[in-house]
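Accompanying notes for the structure given below.
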Amino acid sequence: MNTRTHDILVIGAGMAGLACATRLAAAGREVALIDKGRGPGGRMAARRAEIGGETVSFDHGAQYFTARDPVFVEAVADWEAAGAAARWPEAGEDAFVGTPGMNGPIKAMAGKVSVSWSVRATSLLRGGDAWRVEAGEEAFAARTVLVAIPAEQAVDLLTEPAAHLAGLASEVVSEPCWAVMAGFAERLDITADTFRREDGPIAWAARNSAKPGRTGAENWVIHASTARSRELLEAEKEEVAERLLADFFVTSGAASARPLHLAAHRWLYAMPASLGGEAARYDAQARIGIAGDWLHSPRVEGAFLSGLALAKSVLVHG
């Protein structure tokens, strides 16, 4: 088994992990990341599909983000300047989206550090003065390990080597969300590009093709409500897609139309209930830490600020 050695290894290359890693790299620390995903995105993922001979990108996870903290406002301004983000007034006067897909900011940050994709950490062990991370046929050794993945996944990884951190993660309960991606030959008879509902089976729907920087056929992303997502939690994707599309037409009041493309994705840990308190946790003696929106607040901004907080702890305490 090949073992790669790093000063700092970050497990999870979503918003929290990349915010942490880029801050550490900017301070001169040697840092690498691994992520089980095939490429940049996580819950800010964008999925491609061929519709009517065109390549269409669906933002099937996070739909937009807001920026309120001055540090995050500055980061978003940098992404705007780099063409990785743009304002989206249809979702709110302070709403932004990644460009040309929602994963624009993630791609921008990932380009500044070393990330190994399609690498799933399966075990974390302490040996001497270093940590060992096993990931299938690969292994990693690092002086410091930082975990930036959903709370439920962090529990599995941390229970043996860092029970105190696993205990914190085990307190988090995340709600699921089914997302549907639908593409059509013609524009639907829906005036608004977005709508949200407090009750009913559909919580949110957006004309994805109307977002800044998007091109291609008429396409929509539909998010089921928490209750509907729970109800359909173990259903087959094809069934979920058809049922939620029907719910969408009833909720919107638009005439039904058969899609050229229809797919569903289940976000099992879509909406975590954040713990509050410290934005991140770092055990300086063991040199292991955790970050994520579930520690700060369940928003893109919360994940970013949690990652920065963890980086600051590492830089201060070693």
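The values are calculated or read from the model by the stated rules, or taken from the named source; none is laboratory data. Note that this is a predicted model, so its numbers are computed, not measured. For neighbour counting, all protein chains shown are included, and Cβ atoms are generated from backbone atoms with ideal geometry for every residue, glycine included.
Quick one: Glu30 ticks every box in (1) touching a residue at least 40 places away in the same chain (Cβ under 8 Å); (2) in contact with an Asp or Glu (Cβ under 8 Å, 6 or more places away or on another chain); (3) not aromatic (Phe, Trp, Tyr) bar one, so which box is it? Every listed condition holds for Glu30 apart from (1).
When Ala224, Ala217 are checked against the criterion of being closer than 29 Å to Ala303 by Cα, aliphatic (A, V, I, L, M) and surrounded by 17 or more Cβ atoms within 10 Å (Cβ to Cβ), Ala224 stands alone in meeting it. Take Gly101 and decide whether it is of a type outside the set (Phe, Trp, Tyr), at pLDDT below 95 and within 26 Å of Ala26 (Cα to Cα). Yes.
Does Ala303 satisfy the criteria of being farther than 26 Å from Leu24 by Cα, at pLDDT 95 or above and not in a loop (DSSP other than H, G, I, E, B)?
Working: farther than 26 Å from Leu24 by Cα: no; at pLDDT 95 or above: yes; not in a loop (DSSP other than H, G, I, E, B): yes.
Against the criterion (farther than 26 Å from Leu24 by Cα, at pLDDT 95 or above and not in a loop (DSSP other than H, G, I, E, B)), Ala303 does not qualify.
Applying the set (1) among the small types (Gly, Ala, Ser); (2) under 27 Å from Pro176 (Cα atoms); (3) surrounded by 13 or more Cβ atoms within 10 Å (Cβ to Cβ) to Ser118 leaves exactly one unmet item: (3). Exactly one residue among Arg120, Arg197 is touching a residue at least 40 places away in the same chain (Cβ under 8 Å), of a type in the set (Lys, Arg) and outside the structural domain of Ala311 (by TED's automatic domain parsing), and that residue is Arg197.
Here is a check on your reading of the model: is Ala279 assigned by TED's automatic domain parsing to the domain that holds Ser297 and assigned to a loop (DSSP other than H, G, I, E, B)? So Ala279 passes the test.
Note on the range 121-154: among residues that are in a loop (DSSP other than H, G, I, E, B) and either among the acidic types (Asp, Glu) or in contact with a strand residue (DSSP E or B) (Cβ under 7 Å, 6 or more places away or on another chain) (or both), the one that is surrounded by the most Cβ atoms within 10 Å (Cβ to Cβ) is Ala148.
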